[in-house]
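The values are calculated or read from the model by the stated rules, or taken from the named source; none is laboratory data. Quantities reported herein were computed from a predicted structural model and do not represent experimental measurements. As a convention, Cβ positions derive from the backbone with ideal geometry for all residues, glycine included, and neighbour counts pool all protein chains shown. Surface accessibility is based on the protein's heavy atoms, side chains included, excluding ligands, DNA and RNA. Shrake-Rupley method; radii C 1.70, N 1.55, O 1.52, S 1.80 Å.
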Amino acid sequence: MFKNLQLNIADHKKALLFFLIALSLSVLVAGSTIKYGFLGPMLVLAAAGGGAFVIAAFNNPRVAFIVYFAYCFLLGFVVKTFLNIPVGLAMDAILLLTWASILVNMNKFNWKALKNEHVMLSLIWFGISVLQVLNPYGGSFTGWFNELRFTALSWLLIAPIVFLLFNRMEDVNRFIGFIFFFSCIAVLYGVKQLYVGLSGGEQAWLDTGAKVTHILDGKLRVFSIYSDAGQFGASQAIMAVMAMVLAMGPFSFAKRIVFGVIALITLYGMGISGTRGALFALVAGLGYALFLSKNFKVLIIGGAFALGGLGMLKYTKVGDEIFQIRRLRSALDPKDASFNVRIVNQEKLAYLLKDHPFGAGLGMSGMNGTTYNADKPIANIQPDSYWVKVWVMYGIVGLLIWFAINCYIIGKCSGIVWQLKDPKLKTKMIALTSGTVGCFICSYGNEVMNAIPSSVIMFMSWSFVFIAPWLDTPRKLEADGSDL
């Protein structure tokens, strides 16, 4: 009898395991409801969901990273919904979980694929950033650590992900579809903010100080599900560049129409954000896309249209009754008050940094500066630019190294694009490369490429371009994790 029971259990172990888990959850839900009311079962179900996610993540690290990527888009919304909970730490935890799963399954991946310039340069920049903890300027260790997470650690952890987990053609297509989907959702939510109103958490966020920069002339600068309007507008401009490039590519008529619609949607999102720096992302990205295409006829015509549009903004008053157009026009006005404040701040920073060629250290500028190093005069001068922020933290030496690293990667991506044979793949890589150029250029005006989700998109885009030669002449990698 016991032998038959053992055989029966062995034959139905999955069903029995499911039954035991369901029974245990039922008992926990019932008991917690009696003791804690409605909150009890919610916590039990959340714990069960978290446990299931961890198990799925360790079975396949792709699951963990996809959740991480989606969370990057939603982080700004979640932060404003749960104002007193450090929900940003969950993002780091999921990324670390991804890497824990990769290491557990390490024999299923081709680690030789990480021998490339993108990963190596991200490691070099991380090393330089770690050494900044020794900076004699005397900044806060907590400020250094918090800044390190975004400035260098995320780059180091994200750059290899594509080479290990997402190195197939369908991954490129899914990546593009993923970022377009969330960008369009963000525009729809932005329309809701503009015409229906803000949530309680969003209004509370504005009331705690963000209103100064997000309510201008009585008009809301839409920030949607992003951290702020600057990040939303710049991201939408980058997506518009990519969509326009793809809309002109060698795809079916239906796909080109879809890309064209996405371009219009994201351009509208850029407009309602009231972000002036987004204009430079758009112009730089499209200009670079035309350059990469080597179509000089289109380059000349496109350049003429771009100059005409910029000329209309600078030398006419057309559309001045529309708040968003007035905001864009002010970006080209050298007498703009905001522009002049930036120049004055940069002169102050230059004076404070004249004897510090290696900068003041990580966490000494921007939000971390005012939070953790408020006693330092340099930390209370807003950089208003990621380029300037790098200069403050790393000094002129670090700025030149950082600038050289970014320019080298963009140049390498350009060379790869020019060598591709597949016209569809080439168009996709032009879109990704030009999007990163737009992100890099507009970071002079805003802290775009150091913020979520633009930083993740930028690092992944570079990695996708680096693997493009593998996809152009398809060959199976020794191990790519596809059997997970």
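Just a few scattered comments:
- Of the set (1) under 30 Å from LYS412 (Cβ atoms); (2) surrounded by fewer than 21 Cβ atoms within 10 Å (Cβ to Cβ), all apply to LEU165 but (2).
- Looking across region 207-222, the residues that are over 16 Å from GLY76 (Cα atoms) and either hydrophobic (A, V, I, L, M, F, W, C) or touching a Phe, Trp or Tyr at 6+ places or on another chain (Cβ under 6 Å) (or both) come down to VAL212, ILE215, LEU216, LYS219, LEU220.
- Test: residue in region 384-403 that is of a type in the set (Phe, Trp, Tyr), open to solvent by 10 Å² or more (accessible area, probe 1.4 Å), assigned to a loop (DSSP other than H, G, I, E, B) and farther than 17 Å from LEU286 by Cα: no
- Selection status of SER183, modelled with pLDDT under 95 and under 23 Å from ASN450 (Cβ atoms): no
- Residue pairs meeting the criteria (Cβ under 8 Å; at least 6 apart or on separate chains; first modelled with pLDDT of 90 or more, in region 342-353; second open to solvent by 40 Å² or more (accessible area, probe 1.4 Å)): LEU349/TRP391; LEU352/PRO377; LEU353/TRP391; LEU353/ILE396
- Residues of region 188-239 classified as touching a Ser or Thr at 6+ places or on another chain (Cβ under 9 Å) and at positive phi, total: 1
- GLY177 falls short on exactly one of the conditions (1) open to solvent by less than 50 Å² (accessible area, probe 1.4 Å); (2) touching a Phe, Trp or Tyr at 6+ places or on another chain (Cβ under 7 Å), and that condition is (2).
- Residue count, region 244-271 (criterion: surrounded by fewer than 20 Cβ atoms within 10 Å (Cβ to Cβ), of a type in the set (Phe, Trp, Tyr) and under 17 Å from CYS184 (Cβ atoms)): 1
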